[in-house]
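The values are calculated or read from the model by the stated rules, or taken from the named source; none is laboratory data. Owing to the predicted nature of the structure, the values given are computational and were not obtained by experimental measurement. Ideal geometry is used to build each Cβ from the backbone, glycine not excepted, and the neighbour counts take in all protein chains shown. Areas reflect the complete protein model, heavy atoms only, side chains present, ligands, DNA and RNA absent. Shrake-Rupley method; radii C 1.70, N 1.55, O 1.52, S 1.80 Å.
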Amino acid sequence: MKEKQKQEEHIIDHLQNEMGSGTTDPEFQHWIDSASENKKNFSKYVKIWEGIDILAERKKYKPENAWEQVNYQIVKQTRIASRFKIIFLYGAAATLVILLGFSFYFNWFAPDTEPLKLTTELGSRSKVILPDGTSVMLNAGSELIYQFDRRKRTRNVQFSGEGYFEVEKNKAPFIVRMQEGLRLTVLGTKFNLSAYPDDAVIKTTLTEGKVELHDSKTELLVLTPGQTGSFDKNSGKLYYSAEEPRYNLSWMEKKLYMDNMSLKNVARILERWYDVEITFAGEKIGENIHYTGVLQEKSIFDVFKALNEISKIDYTINGRNITVSQKK
């Protein structure tokens, strides 16, 4: 019994103080080399020790917080058998709980977790907390699918729409994938991402930390705070945008900054914000009329009343359908 406890203390001491330093206590090394079973078990303990940080990260997540913020469904939640074997290794400085058997296999070697899908309907916004602790403010008409890859140790997100991300710092990279083969890689940072399927340009505005924006080939942009990286879907080009970062963040303040913005682009944004359908009575009106200024979000009636006063347009509102025509 004393010999077993001594071995356990050696394991804990090595994991806490020696692992990664390149040194090993000679007596402990002799125990490892004395039997293949010892070497096999020690290798297993090392993997568990390295995985404890991931298990600790998972404990930060409180599912009730996300449930209160947005109505989402988890397609399937896998349940495992309750039978497992627990071995306690007691040391003077700490207690290490080793989970073996099937439950350990599930947490460490099993396939990826089931994806978590979050959506925000047109006309609404939501703030959500992902299982890793990352906070995301989702703009109208957005969709996010989160999945943790245990084997590659990556946090994977499939995203469309617009969102402001405050990524929880973690050794596991946070990778956002979008249409056109575009992806964003971060460890812990804050950024705004606009990637609507019907927009010609995908934009990332960084407010804190550093991100890498990759295309489907080998090109990439490295962004520092205050920079905006853009991808033009028509040309397939990545480039740095010379624009005010606050313009791209204004939606969270319920404002729309317009810098020579066409009526067509204004209408597309209003459709998302208010869940309406806007049509033009005339092919050119949407392209010919432009605005510069700030729209403070109120009702859709107030918005079109303001647009009517500052430009040559008339409009009719019938429920969710709005028709815009040239003012006579």
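Would you list 232, 215 from the most to the least accessible area, probe 1.4 Å?
Result of the area sort, largest leading: 232, 215.
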In whole Hz, what ³J(HN,Hα) sequence does segment 261-272 give by Karplus (6.51, -1.76, 1.60; θ = phi - 60°), x for Gly and Pro?
-> 7, 6, 4, 4, 6, 4, 4, 4, 5, 5, 4, 5
How long, wide and thick is segment 254-328, going by the Cα atoms along their three principal axes, in whole angstroms, largest first?
-> 29, 28, 19
Whole-Hz ³J(HN,Hα) from phi, Karplus 6.51 cos²θ - 1.76 cosθ + 1.60, for segment 133-145, glycine and proline x = x, 5, 9, 9, 9, 9, 7, 4, x, 10, 9, 9, 10
Among the trypsin sites (Lys or Arg not before Pro) within segment 266-301, which fall in a DSSP loop and have no more than 11 other Cβ atoms within 10 Å of their own Cβ?
-> 284, 298
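Nearest 0.05, what FRET efficiency do residue 233 and residue 35 give at R0 = 41 Å with Cβ-Cβ as r?
After rounding, the FRET efficiency stands at 0.10.
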Under 5 Å between amide H atoms, partner at least 5 residues away or on a different chain: which partners does residue 141 have, H built in plane at 1.01 Å?
-> 120, 121, 122, 123, 124
Computed on alpha carbon atoms, what radius of gyration and Dmax characterise segment 180-271, expressed in Å?
-> 13.3, 38
Leaving out ligands, DNA and RNA, what percent of the accessible area of segment 190-325 is carbon and sulfur, probe 1.4 Å?
-> 47
In segment 114-164, the trypsin sites (Lys or Arg not before Pro) that sit in a DSSP loop and have at most 14 other Cβ atoms within 10 Å of their own Cβ are 151, 152
